[in-house]
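**Q** The structure is given below, and queries will be raised subsequently.
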Amino acid sequence: MAAGAVSQSLLLMLGMAFALSGAVPGVWSAARRPSKLQFYMYVAVQNNSDLNNPKANYTAVQSAQPPRKEPLSFGIIHTFDNPLTTAPNLGSKRVGRVQGYYGDVGQSVLTLFLVQTFTYDDGKHRGTFSLVGVDVVTDEHKLSPVVGGTGDFSYARGIADQVLISTRIVHNMTTSWFRFSITFKY
């Protein structure tokens, strides 16, 4: 009889904990899960001919190279850590960063394979989500699948639309701004 009472008490406590977890805002709260986000990403790509440039502030650097020179930089890998902002301006509010790597995988068209994890916190939504996919550099709109997340983005899936806003050369490095519009499903 005592073992049955302990089992019942344990089951009751687990049920209460499960019921209360939905009542407290946080990871599992549907009210905090965004269906759409829009933000901007800044990129400053390393120019390998000028690695000792004291004015450079790279956000993407080459981290691997194939044994011989290939067309379209095939086989080169870059690692990146790029800021996310509310506007295409480094002085605008920071809402996170994206970290990951990309490899040049195209042999006939400049194509990148990207693995990216976004750490996002705009004061309203907080957590991480990841994108994995192929990016044909000449495509105006680059679409990538959302393949998961944490925090307010737990169990996220969806699609990210990335558009190049601007590109210019600053202190012998290529700098670009991209706009991301992301639609989430849970």
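The values are calculated or read from the model by the stated rules, or taken from the named source; none is laboratory data. For clarity, every value in this text was computed on a predicted model and none was experimentally measured. Just so you know, the surface numbers come from the protein's heavy atoms only, side chains and all, with ligands and any DNA or RNA stripped out. Shrake-Rupley method; radii C 1.70, N 1.55, O 1.52, S 1.80 Å.
**Q** Would you list the P(r) distribution for region 74-175, with all Cα-Cα distances sorted into 10 Å bins from 0 and each bin expressed as a whole %?
**A** Going out from 0 Å in 10 Å bins, region 74-175 shows 14, 41, 36, 9, 0 percent.
**Q** How do ASP122, ASP152, ASP81 rank by accessible surface area computed with a 1.4 Å probe, from largest to smallest? Walk me through the intermediate numbers first.
**A** Details: ASP122 40, ASP152 5, ASP81 60 Å².
These residues rank, largest area first, as ASP81, ASP122, ASP152.
**Q** While we're here: Straight-line reach only, C-alpha to C-alpha below 18 angstrom: list the aspartates and glutamates that LYS142 could link to, leaving out same-chain residues fewer than 8 apart.
**A** Within reach: ASP104, ASP161.
**Q** Can you pull the accessible area of THR150 for me, 1.4 Å probe, Å² to the nearest 10?
**A** Surface open to solvent at THR150 totals about 70 Å².
**Q** What list of ³J(HN,Hα) couplings, whole Hz, do you get for region 102-107 from phi and the Karplus terms 6.51, -1.76, 1.60, once you set θ to phi - 60° and write x for glycine and proline?
**A** 9, x, 7, 10, x, 9
**Q** Could I ask something else about it? Skip the ligands, DNA and RNA, and give the accessible area per residue of region 96-186 with a 1.4 Å probe, whole Å². Please report the intermediate quantities before stating the final value.
**A** Working: 4580 Å² over 91 residues.
Value returned for region 96-186: 50 Å² of accessible area per residue.
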